[in-house]
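Just below is one structure, and these are the notes that go with it.
Values quoted throughout were computed directly from the atomic coordinates according to the rules given, and no laboratory measurement underlies them. Computed from a predicted structure; not experimentally measured. Here the Cβ positions follow ideal geometry from the backbone for every residue, glycine too, while neighbour counts run over all protein chains shown.
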Amino acid sequence: QTYLGEIEAAMQENRKLLAVLIDPDKFDERNTSEFLRKLPNTTSHIFVGGSSVAPNRTDEVVAELKKETGLPVILFPGDQHQITDKADALLFLSLISGRNPEFLIEQQVRSVEKIRNTSLEVIPTGYILIDGGKETSVQRVSQTRPLPQTNISQIVNTALAGQYSGKRLIYLEAGSGANHSVSCEIIREVKKAISIPLIVGGGIKSSKQLKKAYEAGASLVVVGTAFEEDSFQN
Ligand code: 1GP
């Protein structure tokens, strides 16, 4: 069984998954067990990544996490420096909402030497940045403009173009700390169109929002800031 296979199976069986996103730059490893203990018991994955992370930080944080938890640790890298073979799998992201070749293919090519001799499971992922009501760091770092939430057909077509080009997951991202998370209407329409699992993240701070995202069709929801700040509303 692969990590992707597990996510696909969850989608088929309509089981909902929850990933906590850890930004290595903001994480204090000394509190790892405390942090893990506070997570909802429905947490199924740990994602590790950020828009810009100091060299080696990802490696250190992943090593610590692997000591403390049996949950799958999946890299969600902002760039090729955030790849470490200590993790279990890698979301091989392509920022398909943008038109910046750096994040469509350049970083991917440069990451190959780091990946090819590891046992990391590589999961082709279409990453779609959607306007979250404020300038987020993904936007700043990637130098791409998010798709407006009102342009649903463009978002659906982008997701489908991702699926047609072989992506195995679609990730709708409002950006970390977004004011508005991805709307239920967008989630619903994308879900209706694609047949691969849908990940949703950015600005989700409560179990109410989480439930709505699941009901609209997300298979996996990612929560970063609210867990990081221990402010998630149950
Ligand atoms: C993952 O970037 C998001 O998709 C996480 O966003 O920090 O707002 O939860 P938050």
Q. Does the range 224-233 contain at least one residue that is touching a residue at least 24 places away in the same chain (Cβ under 8 Å), part of a strand (DSSP E or B), over 22 Å from Leu93 (Cα atoms) and of a type outside the set (Gly, Ala, Ser)?
A. yes
**Q.** Subset of the range 162-177 that is assigned to a loop (DSSP other than H, G, I, E, B) and of a type in the set (Ser, Thr, Tyr) - its residue that is nearest to the ligand (Cβ to nearest atom)
**A.** Ser176
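Answer yes or no as to whether Ser119 is surrounded by fewer than 16 Cβ atoms within 10 Å (Cβ to Cβ) and at negative phi.
Criteria met by Ser119.
Search the range 59-94 for residues being of a type in the set (A, V, I, L, M, F, W, C) and surrounded by fewer than 19 Cβ atoms within 10 Å (Cβ to Cβ), and hand back the single one that is nearest to Val109 (Cα to Cα). Spell out how you get there, then give the answer.
Restricting attention to the range 59-94, the residues satisfying the condition of being of a type in the set (A, V, I, L, M, F, W, C) are 61-63, 65, 71, 73-76, 83, 87, 89-93.
Checking which are surrounded by fewer than 19 Cβ atoms within 10 Å (Cβ to Cβ) leaves us with 63, 71.
Values: Ala63: 25, Leu71: 29 Å.
In this case the residue turns out to be Ala63.
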Q: Return only the number of the condition from (1) exposed (fewer than 15 other Cβ atoms within 10 Å of the Cβ); (2) under 24 Å from Glu229 (Cβ atoms); (3) of a type in the set (Gly, Ala, Ser) that Gly5 does not satisfy.
A: (2)
**Q.** Flag for Ile123 being touching a Ser or Thr at 6+ places or on another chain (Cβ under 6 Å), assigned to a strand (DSSP E or B) and touching a residue at least 12 places away in the same chain (Cβ under 8 Å)
**A.** no
